[in-house]
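**Student:** Below is one structure. I have some questions about it.
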Amino acid sequence: MPLQLVIHAPDEASLARARSNARNLLAAAPEVRCEIVVNAEAVSAVIERPDPSTDGLVRLCGNTLRNKDLQAPAGLKTVPAAVLHLAERQAAGWQYIRA
């Protein structure tokens, strides 16, 4: 089974690191399954500054979208709650990194 990695980004600076980490990881090991889970301030940063090279990996926190009255752009995936998604991924054997 390939490596499975979930990268958590809760703010703008960590989002930049998460995007860079994901690009570097997938360049070195394209078979890796990778997601970038964003919540809090990072959600606005994803919406305001799209990155076509990593946006397909992003999972936006539904709670943050609702609390900040934001809409997920077409093509970006959402999860009901970042904390739940992170816990479920780890329970399923995914590795966790906070960017």
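Throughout, read-outs are computed from the coordinates displayed, never taken from laboratory work. All of these numbers come straight from a predicted model, not from anything done at the bench. Reconstructed Cβ throughout: ideal geometry from the backbone, glycine too, with neighbour counts over all protein chains shown.
**Student:** How big is D, in µm² s⁻¹, for the chain by Stokes-Einstein at 4 °C and 1.567 mPa s if Rh is the Kirkwood radius over C-alpha pairs? Numbers along the way, then the final one.
**Tutor:** Values: Rh = 13.2 Å.
Answer from the Stokes-Einstein relation: 98 µm²/s.
**Student:** Note down the nm distance, to one decimal, between modelled labels 7 Å out along Cα→Cβ at residue 71 and at residue 48.
**Tutor:** 1.9
**Student:** Per-residue ellipticity at 222 nm for the chain, helices alone: DSSP H runs ≥ 4 residues times -39500 (n - 2.57), over residue total, nearest 500 deg cm²/dmol? Spell out each step's value before the answer.
**Tutor:** Details: 4 runs with 41 residues, N = 99.
The helix-only estimate for the chain comes to -12500 deg cm²/dmol at 222 nm.
**Student:** Shifting gears a bit: Calculate one ³J(HN,Hα) per residue across the range 79-88 by plugging θ = phi - 60° into the Karplus curve 6.51 cos²θ - 1.76 cosθ + 1.60, and present them in order as whole Hz with x for glycine and proline.
**Tutor:** For the range 79-88, the Karplus-derived couplings read 10, x, 8, 4, 4, 5, 4, 4, 5, 5 Hz, x marking Gly and Pro.
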